[in-house]
Amino acid sequence: MRSPLKMTEVTYAELVAKANAIAAAGARGHLHTTPPWCLITGSPRRAIVLEATDEGAVVGFFDDQPIEDRAKPLAILLHGADSVPGDGEELQPASAAVNTMADRMRAGKGHFHILNPVCLANPNPGRWTILFEDDELGVLESATAERPLADIRLVERLIYA
Ligand SMILES: [Zn+2]
Ligand SMILES: [Zn+2]
């Protein structure tokens, strides 16, 4: 992973404004939620990291409290409402590699990132990478040329559970 990313620290209000501006302009942008000591931030704090791809800019909102509830509406705004599966929705089977990572996450051994082909943190530029930072095993990754929809939905359900 090419990290930590260089980023500008912003307030939550500034983060929301940035996400809204990207969405309103139809520009490319995506976000990551990061726990303490995540490779993307290298920070002891939690963060929501927003990459404004068309500007080549990265901003981060840092906090000590859980940030998933504050990230979710921004994820829907930037990634689309179907990016967060409903609780009752059936999922296609995920890949074996990502299922292994999911088992590690359920055991509390680490956390996921979904890295798209233009993500600055992606160790495989131009490809999709599902990456798992395992506290014991190090970085696990699964890279594919096509968007791995079943894997992504499994991971998003775990992240936003
Ligand atoms: Zn991380
Ligand atoms: Zn990214």
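The values are calculated or read from the model by the stated rules, or taken from the named source; none is laboratory data. No experiment lies behind these values; they were computed from the predicted model shown. Heads up, the Cβs are rebuilt from the backbone with ideal geometry, glycines too, and the neighbour counts pull from every protein chain shown. Please note that ligands, DNA and RNA were not included when accessible areas were found on the heavy atoms of the full protein model with its side chains. Shrake-Rupley method; radii C 1.70, N 1.55, O 1.52, S 1.80 Å.
With the range 98-150 as the region, which strands (runs of 3 or more DSSP E) entirely inside it contain at least 1 residues that are open to solvent by 30 Å² or more (accessible area, probe 1.4 Å) and charged (D, E, K, R)?
By residue number, 138-144.
Return yes or no: is residue 33 within 22 Å of residue 141 (Cα to Cα), touching a helix residue (DSSP H, G or I) at 6+ places or on another chain (Cβ under 6 Å) and among the β-branched types (Val, Ile, Thr)?
Yes: the conditions hold for residue 33.
Regarding residue 94, is this residue assigned to a helix (DSSP H, G or I), under 25 Å from residue 74 (Cβ atoms) and more than 14 Å from ligand 2 (Cβ to nearest atom)?
no
Just the residues that are within 16 Å of ligand 1 (Cβ to nearest atom) and aromatic (Phe, Trp, Tyr), please, taken from the range 104-161.
Scanning the range 104-161 gives 112, 132, 160.
I need every pair where a residue in the range 11-26 that is free of Cβ contacts under 8 Å to residues at least 24 places away in the same chain has its Cβ under 7 Å from the Cβ of a residue that is assigned to a helix (DSSP H, G or I), sequence separation at least 6 or different chains.
Qualifying pairs under 7 Å: none.
Determine if the range 74-85 includes at least one residue that is open to solvent by 30 Å² or more (accessible area, probe 1.4 Å) and farther than 27 Å from residue 25 by Cβ.
no
Of all residues in the range 8-52, how many are open to solvent by less than 40 Å² (accessible area, probe 1.4 Å), touching a strand residue (DSSP E or B) at 6+ places or on another chain (Cβ under 6 Å) and in a loop (DSSP other than H, G, I, E, B)?
Residues meeting the conditions: 4.
Return the residues of the range 58-69 that are open to solvent by less than 80 Å² (accessible area, probe 1.4 Å) and at pLDDT 95 or above; say none if nothing qualifies.
58, 59, 60, 61, 62, 63
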